[in-house]
1. Just give me the residues in segment B:462-521 being on the phi > 0 side of the Ramachandran plot and away from chain C (no Cβ under 14 Å), in sequence order.
2. Could you tell me whether segment B:105-118 includes any residue that is in contact with a strand residue (DSSP E or B) (Cβ under 7 Å, 6 or more places away or on another chain), within 12 Å of chain C (Cβ to nearest Cβ), touching a residue at least 12 places away in the same chain (Cβ under 8 Å) and aliphatic (A, V, I, L, M)?
3. Do we find a residue being within 13 Å of A:Tyr85 (Cβ to Cβ) and part of a loop (DSSP other than H, G, I, E, B) anywhere in segment A:41-59?
4. Identify all residues within segment C:14-54 that are assigned to a strand (DSSP E or B), of a type in the set (Val, Ile, Thr) and either at pLDDT below 95 or open to solvent by 20 Å² or more (accessible area, probe 1.4 Å) (or both); write none if there are none.
5. Enumerate the strands (runs of 3 or more DSSP E) found wholly within segment B:15-133, keeping only those where 2 or more residues are surrounded by fewer than 24 Cβ atoms within 10 Å (Cβ to Cβ) and of a type in the set (D, E, K, R).
6. Can you find a residue in segment A:46-64 that is over 16 Å from the mean Cα position of the chain (by Cα) and of a type in the set (A, V, I, L, M, F, W, C)?
7. So which residues in segment C:138-150 are in contact with a helix residue (DSSP H, G or I) (Cβ under 8 Å, 6 or more places away or on another chain) and more than 14 Å from C:Met174 (Cα to Cα)?
8. Among C:Ala237, C:Ala277, C:Ala288, C:Ala300, which is the only one that is among the hydrophobic types (A, V, I, L, M, F, W, C) and surrounded by fewer than 20 Cβ atoms within 10 Å (Cβ to Cβ)?
Amino acid sequence: MTERMLMLLIAGRSSEQGTSLNKGKLKPEYQRVTSTAEMNEQDMARLDLKDGDRIRLSNGVGETTVTCTPRKITDLPSGIIFMPYGPSSSELMESDTAGSGMPISKNLTVTVEKVSG
Amino acid sequence: MSDTICIINGSVYDPANNIAGEIRTLYVRDGRMVDAVSEPARTLDAQGMVIMPGGVDIHCHIAGPKVNLARKLQPEDHRRDPHPGTIFTRSGSGGVVPSTFATGYRYATLGYTTAMEAAVTPIGARHTLEELHDTPIIDKGFYILLGNNIYLQQLLKEGRKEEFHHAVGWWINSTKSFTTKLVNPGGDEPWKGRRNSNVSDLDEKNEVFGITPREIISAFIDVADAYGFPHPPHVHCNNLGHSGNVRTTLETMKTAGDRRLHLAHIQFHSYSGEPGQNPGSAARDIIDYVNAHPNITCDVGQVMFGKSTIMTADAPLAYMLRGIKKAKWINADTECESGCGILPFSYQEKIYVHALQWAIGLELFLMSQDPWRVILSTDHPNGGSFQSYPKLIRLLMDREFRRQEIAKVNKRAIGKTVLPDLDREYNLNEIAIITRAGPARALGLTNKGHLGAGADADITVYDENPDRELMFSAPRYVIKSGNLIIDNHEFCADFSGRTLHIAPAYDESIVPSVRTFFESYYSIEFDNYAVDDSYLHEHEVIPLSRAAT
Amino acid sequence: MSNNLRVVENATCTFCGCVCDDMILTVDDTEKRIVKAKNACVLGRAWFAEHTIEDAPAAMISGKPASVDDAVAEAARILVEARFPIIYGLSDTTCEAQRQAVAITDMVRGNIDTTTSVCHGPSGLAFQGIGESTMTLGEVKNRADLVVYWGGNPAESHPRHFTRYTVTPKGMFMPNGKKDRTVVLVDVRRTPSAPVANIFVQLKPGKDFELLWALRARVKGREIKADIEEITGVSLAVIDDLVQRMKTCRYGVLFFGMGLTMTRGRHFNSGALLALATDLNEFTHFVAKPVRGHGNVTGADNVVSWQTGYPFGVNFSRGYPRFNPGEFTTVDTLSRGDADAAMIIASDPASNFPKAAIAHLRRIPVITLDTKPTLTSSLARVAFRTSTYGINTGGTVYRMDDVPITLRKAFDSPFPDDETILRALKEKVQELLRSRMPRGAKSAFELPLSA
């Protein structure tokens, strides 16, 4: 068991994110969906996490606290954390676009740690 | 509301009314030419100036899906030719494929007031109409690509000629188009379905549909003839650009017999030689046939040195050209309807083939015996931009200038042509024919290309200048539908222009059969396919010359 | 549900870039909502069900209800007085509204950009460098015997992509639908799209370019080192099998998602994929297509391109359009602090932009047009609530493959549509500009710079 881990964050679309944004972006469902992150079971075990535990994600840009939920290791490789796009993932995005207009929101290196209490 | 205008003292060139350089007073009211106006709101003194009807471009590529892909593809070309706005006009980008606003304003700046987009996929008609609505000043229409339409080929294969006729009518109505366009007929299926191959002979049966290019061409000529379309099928022949394609071009014209047919950018189809070898000029063979057959009209598709953009429904051709430099290239397949290829290109004086193409175009112009049927075009932007028309006009009008230009180009290519021996110089009346009166007549636009009473008041007034390139680059006045648009070389108003289209009647009983095909093979719903009138804005239905059968 | 029901056939769902136009909507005219959307996917059902008419003011100024006229006047004043106004969003509205937005930007010499810049903008840049062999979706249905998805998860983002267009439908030369095709999925995680694929290739994150370049090399018959597996997570045997399939199919397609554009490499990744599709045309017919996101993002690309010559990231400050991604794109104009006013149309950058950009958005006057309150509208000086395209208003939308479709209105909304607001705003802007112009000025160059 470790206290914290460096992981790769991938933000993307999900069905729930899509359906909840139709209800309204200021509604609780959208906020719940976009602040839930997926990790595989092994990675969660290493950080002593259970489904629904709170985790803190941080990098040089900022930090955000979200809820975690498990996926099978065959679906989500170790070291990768997936989260639907939204206000939480925005907190970790670098604003430099390297002259492209596009900020990077997939494959961001973040520190993941359990939030206790 | 347009102005009443009177133009005095100008030298009028109105070939359709047999006026060649006479000083006449012209009157404009309610957007039309009239015999007289009492107390005109504006009188223009055209002393020392040349007056012509507004120019008519019978073949160009200015709007729609492929044009927009070509625009998006070339930011570098736009950047060096910005088009600033004025308080009357929108800004835009120039280059070889200008933005829609720049396209309209720049046509007006040459004295052109009508332009026909020559190749639109039916499913892209809605897009084309949206762009044309954003193409100011000029009147415009478009030709609909039907020569590789799978449903129509199936009808032909099954010998259902009557249904074919009505299906063509349905398609034209559903797209608000002006006439039919055939591009490399029969060539799409081998391209898309047979590992990028092509059809090479007019009598080669297509493996899938079992019909030949000749059968396709003939069937469309029949339909246009039976309906009395104002403009016959507009054909881009098979084998464009290939050595020895003169045989295909002559055979295509023969297929028409004495029925009307328009051959697009005929320069690209006038090559002797053997496939795979360097081409020579077959301009003499082609122009002799055209001269002797009054049923044929053509536009030249002159090549102009410098930057161009290849954009064509002839996808195999674009792929072949892509092979030369292996630079950026677009292929765009449209379901059940068409192929498309796009690439930036440039014609260079020292390259044998380019110089030959340039010389063949000029040969065709200079050996033409009937300017009414051999019309000025560069197949914009394929042979060069429409913005090079003034230079092309100078090449035709000024023998000395032409000699200087010939001296700059590949000598071996010139040696394969008779161009140095052709001393002819076009006069202003002939220029008025190949840029105005001729294309208007070939298009069946009875209100355009002339200045007689009742004609659309589309008028260009040029300062007389011995440098014809300069003269045709910058008219002093341009009037569109009776509105003064360019006043003393500057825009003084904006204008939206009209869409010109035809509306042939068809038997509704064809619709269930088309619908069945759609439901199986298209990816949009049949009921969402036809373009409704809201996309037409200002428009004019051009009448057919005979009642529907 | 009341008894006052009506059916609208051939309606179009504008939620995602699939733009499915086979919706059969049951409309409750009493309750002013859609009670059933036959043929819609899970996202489409939510789209139609949730766009009801809420009781809210049509316009707000500084958080207080205002008349639309007053809001238009205030918005026009903001845009005309700004030195660097930016207009952004546009992918969830009609082409008719987009055309008005570009016109306004031209007039105020502002900066216009669409959500393309944070979606497939890099693919647009790759397109400008490489070109693209591409097709309409019906060609895939009729002809494609090999369908490859790369860096995308259509099962969740575009749920009917497989079933309506690319995998299951029977087509002219694919009479047995899915049985006639091979489907390949390349991704870093096994997404809900994986079960559709015959072959799933799991790639290491951030190694898309390397794998694409290896494929290009093998297509051209070049040797590559065996350590490709260590680098990409994909073995040489798998690579060679893919190459063989791609070269021998009759009509191959590469669909790609934001897994390529939003990660290290950006336009190089998209460019490598487009180049691979181009290369394959030496052997067979091969096409590629980005799987575009929002309902009319493709229309936004088209409109901005035909009006300016450039697809996104366009600046009019010199009186003519200039294009420079990284400079005139919205994340950059905001996070650098260039913009001094913003009009956001049908988009919510405050909830998905980097936080430096959002911080600047809070500092400047913002105008929003949206159908529902968002984080962005909640920080706006002027917020318009508009009707929903494809539900309350008609207009034109371009599917991800550039096919334009006309929308059908299902029921009326008390809120004006985007085009109506933008037209009114354009007229107001024009009036303000003309009132500031010197007498007799003919050219835009004589206009005073807005200040």
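1. B:Ser481, B:Gly482, B:Gly497
2. No, every residue in segment B:105-118 fails to be in contact with a strand residue (DSSP E or B) (Cβ under 7 Å, 6 or more places away or on another chain), within 12 Å of chain C (Cβ to nearest Cβ), touching a residue at least 12 places away in the same chain (Cβ under 8 Å) and aliphatic (A, V, I, L, M).
3. Quick first cut of segment A:41-59, residues within 13 Å of A:Tyr85 (Cβ to Cβ) only: none.
Within segment A:41-59 (the criterion being within 13 Å of A:Tyr85 (Cβ to Cβ) and part of a loop (DSSP other than H, G, I, E, B)), the answer is no, since none of the residues qualifies.
4. First pass over segment C:14-54, keeping only residues assigned to a strand (DSSP E or B): C:16, C:23-28, C:33-38.
This time we only want the ones that are of a type in the set (Val, Ile, Thr), so: C:24, C:26-27, C:34-35.
Result: C:Ile24, C:Thr26, C:Val35.
5. Working: elements: B:19-29, B:32-34, B:42-45, B:49-53, B:55-60, B:112-120.
Counting at least 2 such residues, we get B:19-29, B:42-45.
6. Residues of segment A:46-64 that are over 16 Å from the mean Cα position of the chain (by Cα), as a first pass: A:46, A:48.
Adding the requirement that they be of a type in the set (A, V, I, L, M, F, W, C) leaves none.
No, because not a single residue in segment A:46-64 is over 16 Å from the mean Cα position of the chain (by Cα) and of a type in the set (A, V, I, L, M, F, W, C).
7. Of the residues in segment C:138-150, the ones in contact with a helix residue (DSSP H, G or I) (Cβ under 8 Å, 6 or more places away or on another chain) are C:138-148, C:150.
Correct list: C:Val148, C:Trp150.
8. Working: C:Ala277 fails: surrounded by fewer than 20 Cβ atoms within 10 Å (Cβ to Cβ); C:Ala288 fails: surrounded by fewer than 20 Cβ atoms within 10 Å (Cβ to Cβ); C:Ala300 fails: surrounded by fewer than 20 Cβ atoms within 10 Å (Cβ to Cβ).
Testing whether each residue is among the hydrophobic types (A, V, I, L, M, F, W, C) and surrounded by fewer than 20 Cβ atoms within 10 Å (Cβ to Cβ) leaves just C:Ala237.
The values are calculated or read from the model by the stated rules, or taken from the named source; none is laboratory data. Treat the numbers as computed from the prediction; the structure is a model and nothing was measured. Virtual Cβ from ideal backbone geometry, glycine too; neighbours counted across all protein chains shown. To get the accessible areas, we keep the full protein, side chains included, count just its heavy atoms, and leave off ligands, DNA and RNA. Shrake-Rupley method; radii C 1.70, N 1.55, O 1.52, S 1.80 Å.
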